Amino acid sequence: MTLRVKPTPAHIAQAATRLREGHLVAFPTETVYGLGADATNDTAVAHIFKAKGRPHFNPLIVHVSDAEKANEVSMIDAISQVLIEKFWPGPLTLVLPRRDEAPLSLLVSAGLDSVAVRQPAHAVAHALLREAGRPIAAPSANRSGRLSPTTADHVAESLGEDVSMILDGGPCARGLESTIVQVSDKQAALLRPGALTREEIEAVLGQRLALGPQGSAPTAPGQLASHYAPSHALRLNAHYIDADEALLAFGQPLRGKSCGLLNLSPRGDLWEAAAHLFSHLRTLDQAPCARIAVMPIPHHGLGEAINDRLARAAAPRG
Ligand code: TXA
Ligand code: MG
């Protein structure tokens, strides 16, 4: 039986013990819920892939309680140091050179010589990481390829008995995954747009972020892996609405009959839209409609990450 609790300090201690024993614990962060395992334990990390139904061993983000812990597993250069000081704890994941002596499961990096590290800004996540006393590998706590969870209900719905414990910290404040930046050879590249905007990072670096190998701008439709996908098909940049479609609005909703309507942000605020994106998509996915039509979202600031997730959700299913 999965134990689901609104965590007290005693629950956090219990969850940390379960992690150290090799079990999986789902926990809230400011971005989305994570499915955590002891990052130093091969079997526990492998269990994550089984629980998510992930066909391949993608590299995972290693969550740490502070920068010192990140320094034990990865090499922090001057650029990373600046980013850490400015944005940690927070929704920024850094892909850094992995230390040879890092006590991490090799599966965490899926064979790469880099490692993704992040210090989440959430009291429950922080308490859990402190109490566990070791790095915790955690992807988003959803079935592979589906929408990321922003509430404990989402986690319980999508993951089964493989999860030992779910810590319910309420809805996630940001609602979008962290921004992933790779730092190597004094270069910073954007691997995944996310809850921290490109503009905020570039302002601190004083330079443009390069687009990484897994960057957000697909050069061919085939490169756009279907991900974050609801069951219904999505029609993006909708300027009209059909009666058999559910409308995901932004700002003033389109006029016309629809078979369902939710608004990401009636006042056209990108922060509010990011926080609602996955939960609104989930809700509209339950409506008996032909597809979900999504109104245009401006591409600046958080719009870059929102449009990235929408494009992946709309991509042809592999
Ligand atoms: O907000 C988030 O980042 C959430 C919360 C739980 O922290 N986590 C999350 O994890 O979104 P996940 O597994 O769904 O996405 C992590 C992505 C992987 O798909 C992979 O592309 C990238 O991080 N990644 C991890 N390690 C990497 C590495 N060494 N090199 C390049 N990319 C890496
Ligand atoms: Mg994910």
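Each reported figure results from applying straightforward, stated rules to the coordinates on display, with no laboratory input. Fair warning: this is a prediction, and the values are worked out from it, not measured in the lab. Glycine gets a Cβ as well: all are built from the backbone with ideal geometry, and neighbour counts include every protein chain shown.
The table that follows gives values for the structure above.
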read-out: Unmatched cysteines, the chain - criterion: no other Cβ of a Cys under 4.7 angstrom; value: Cys172
read-out: Relative exposure of Met295, Met1, Met75, judged by other C-beta atoms within 10 Å (fewest first); value: Met1, Met75, Met295
read-out: Which of Ser231, Ser279, Ser184, Ser140 has the fewest Cβ neighbours within 10 Å, and the rest in rising order; value: Ser231, Ser184, Ser279, Ser140
read-out: Amide N proximity, region 251-277 versus Asn58 label position 7 Å along Cα-to-Cβ, cut-off under 17 Å; value: none
read-out: Nearest-ten-degree value, helix 9-20 long axis tilted from longest Cα axis of the chain; value: 70
read-out: Inter-centroid distance (Cα atoms) of region 245-291 relative to region 34-105, Å; value: 34
read-out: Dipole magnitude of region 233-314 about its Cα centre (Cβ charges: Lys, Arg +1; Asp, Glu -1), debye to nearest 20; value: 100
read-out: GluC sites (Glu not before Pro) restricted to DSSP loop in region 81-158 with at most 11 other C-beta within 10 Å; value: Glu101
read-out: GNM top mover of Thr31, Thr150, Thr283 - the chain, alpha-carbon springs below 10 Å; value: Thr283
read-out: Unit charges at the beta carbon, dipole of the chain: most positive-side option, Leu262, Ala127, Pro97; value: Leu262
read-out: Test item: Cα-centred dipole of the chain, Lys/Arg +1 and Asp/Glu -1 on Cβ, debye; value: 600
read-out: Loop sites in region 127-194: trypsin sites (Lys or Arg not before Pro), DSSP, at most 13 other Cβ within 10 Å; value: Lys186
read-out: Neighbour-count ranking [beta-carbon atoms within 10 angstrom, fewest first] of Val64, Val82; value: Val82, Val64
read-out: Whether region 76-141 is rounded, prolate or oblate, judged on the alpha carbon gyration tensor where a/c under 1.5 counts as rounded; value: oblate
read-out: Cα gyration tensor shape for region 135-212, rounded if a/c is under 1.5, else prolate or oblate; value: prolate
read-out: Label zone at Glu101 (point 7 Å along Cα-to-Cβ), backbone N below 17 Å, region 46-89; value: 68-76
read-out: C-alpha long axis of helix 78-87 to longest principal axis of the chain, angle in °; value: 60
read-out: Sparse-neighbourhood loop sites, trypsin sites (Lys or Arg not before Pro) in region 264-318 - DSSP loop, at most 15 other Cβ within 10 angstrom; value: Arg267, Arg317
read-out: Virtual spin-label span in nm between Tyr240 and Lys86, 7 Å along Cα→Cβ; value: 4.5
read-out: Cα shape, region 24-151, gyration tensor, a/c 1.5 rule; value: oblate
